[in-house]
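Single-structure report; data block below.
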Amino acid sequence: MRPHSIENLLNDGTIIARGALDFDIRSQGVSPRRLPSWTRTQIPQMMDAMARMPSGVRLQFNTNASSIGLSFLGSTTVAPGAIPRKIVLNLESNGRLQSYQSEKGNRIQLASDGGYRLLRGEPDTAWFRNLGTTERFSEIWLPHNAFVELRSLELTDGATLSPPQDVRKQWLHYGSSISHCMEAEEPAYIWPAVAARNSDVNLQNLGFGGQCHLDQFVARTIRDSQTDLISIKTGINVINMDSMRERVFIPAVHGFIDTIREGKPQTPIIIISPIYCPSAETHPGPTIPNNVGKFETIKGFEALRQGCLTLEKVREILEQVVKKRCEIGDENLHYLDGLKLFGPKDASDLPDDLHPNPSGYIRMGERFSGYLSKHIR
């Protein structure tokens with residue numbers, strides 16, 4: 001089997017990295033980024049790391065190969081005291097989903113003092129076999145919770161390889177760690193992927209761990225995108241990081257929507273409020289994990305907390321923003337209460353009281369797929 005350089009295949013359009021808007025060029029391969037190149041001077045350092053994790057990114061192509069291999073170098077982060085997680089890739093083809101788990105690659109060992117140590121590892125090749133010999137559309141879902149350097153694509157000798165023909169509707173989603181879904185077991189089972197696959201639409205995931213603070217460079221990215229539906233799931237990290245109060249949050253939401261509407265005046269937008277988080281429902285942030293790993297709010301000086309936000313208040317604000325904009329003519333703006341995706345009755349699948357577990361993410365995706373099918377056009 002002859003390897004085909006991923007960089008060359010991307011450059012000549014033979015394959016598409018759906019959901020990647022930029023690439024870091026390495027000596028032996030390329031690493032996808034989920035924000036365009038012009039954002040590099042504006043993006044905060046921690047968000048840059050999240051944008052380099054290809055949550056929701058797929059390599060798309062047509063082939064009749066009975067075996068497909070993807071050579072890559074992965075890098076995983078390991079928290080202090082945690083067990084390293086395997087790097088998982090999925091191949092979706094002819095309605096069938098296969099998984100590949102890798103224990104190779106670099107390890108970024110995080111330290112409790114904020115430092116880290118890089119343990120270098122070896123590259124790997126993810127093999128997917130017994131695929132048949134009919135010409136078909138194929139997607140390789142890249143890892144959602146690791147960094148990857150893509151090196152080469154290997155196919156059965158004599159197999160065809162051509163640009164993908166994907167006519168599905170486009171859906172762009174913007175969110176936080178709960179949309180990045182680092183806790184999911186496989187990349188095809190992050191909740192946006194579950195919803196997209198159930199509704200047969202093409203996903204672009206702008207869910208970034210620790211983020212979704214309504215950054216204008218993200219709004220401009222969405223404004224300039226090609227998409228049939230936009231969803232914005234915001235609010236949780238505004239509380240977790242105590243990054244905005246009511247006075248700033250309301251115009252920030254309006255400004256974010258205004259920027260998108262400059263280029264997408266009629267595209268349907270769904271504003272999704274936060275899912276359930278017990279400690280922040282009625283108490284303002286910030287939140288930090290306690291000694292058993294559960295997130296809880298920090299008590300502050302009440303006299304200094306005028307305008308601080310809780311989840312109940314954020315949901316009320318987002319619903320009112322949508323209502324007021326609809327009243328002045330934006331008929332393609334919709335509100336969805338995040339508790340309908342994951343509410344108090346789902347709390348058993350919220351192990352750290354903030355992020356759903358794999359089962360919780362799948363349930364969120366299944367629940368959202370109905371809204372996705374209803375509003376995309």
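Key figures
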item: Which listed residue is closer than 27 Å to Arg197 by Cα and of a type in the set (S, T, N, Q), from Ser27, Ser37, Ser71; result: Ser71
item: Enumeration of residues in segment 1-46 that are of a type in the set (Asp, Glu) and touching a strand residue (DSSP E or B) at 6+ places or on another chain (Cβ under 8 Å); result: Glu7, Asp22, Asp24
item: Residue match in segment 163-177 (condition: out of contact with any strand residue (DSSP E or B) (no Cβ under 9 Å at 6 or more places or on another chain), touching a residue at least 40 places away in the same chain (Cβ under 8 Å) and not assigned by TED's automatic domain parsing to the domain that holds Pro84); result: no
item: Counted residues, segment 256-297 - those being touching a residue at least 24 places away in the same chain (Cβ under 8 Å) and within 30 Å of Gln226 (Cβ to Cβ); result: 18
item: Residue tally, condition small (Gly, Ala, Ser) and buried (at least 20 other Cβ atoms within 10 Å of the Cβ), over segment 50-68; result: 4
item: So Ala79, is it small (Gly, Ala, Ser) and within 27 Å of Leu161 (Cβ to Cβ); result: no
item: Subset of segment 70-104 [part of a strand (DSSP E or B), surrounded by fewer than 19 Cβ atoms within 10 Å (Cβ to Cβ) and either of a type in the set (Val, Ile, Thr) or modelled with pLDDT of 95 or more (or both)]; result: Val78, Leu97, Gln98, Ser99, Gln101
item: Any hit, segment 229-238, residues being under 17 Å from the mean Cα position of the chain (by Cα), touching a residue at least 40 places away in the same chain (Cβ under 8 Å) and farther than 17 Å from Cys212 by Cβ; result: yes
item: Residue check, Ala280 of a type in the set (A, V, I, L, M, F, W, C) and under 30 Å from Asp166 (Cα atoms); result: no
item: Failed criterion for Leu91 (all others in (1) under 19 Å from the mean Cα position of the chain (by Cα); (2) under 27 Å from Lys340 (Cβ atoms); (3) not β-branched (Val, Ile, Thr) hold); result: (2)
item: Which listed residue is modelled with pLDDT of 95 or more, in the same structural domain as His334 (by TED's automatic domain parsing) and either more than 23 Å from Arg40 (Cβ to Cβ) or of a type outside the set (Val, Ile, Thr) (or both), from Val238, Val218, Val201; result: Val201
item: Scope segment 59-69; condition farther than 14 Å from Gln98 by Cα and in a strand (DSSP E or B); matching residues; result: Leu59, Gln60, Phe61, Asn62, Thr63
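The values are calculated or read from the model by the stated rules, or taken from the named source; none is laboratory data. As the structure is a prediction and not an experimental result, all values here were calculated from the model. Cβ atoms come from the backbone with ideal geometry, glycine included; neighbour counts cover every protein chain shown.
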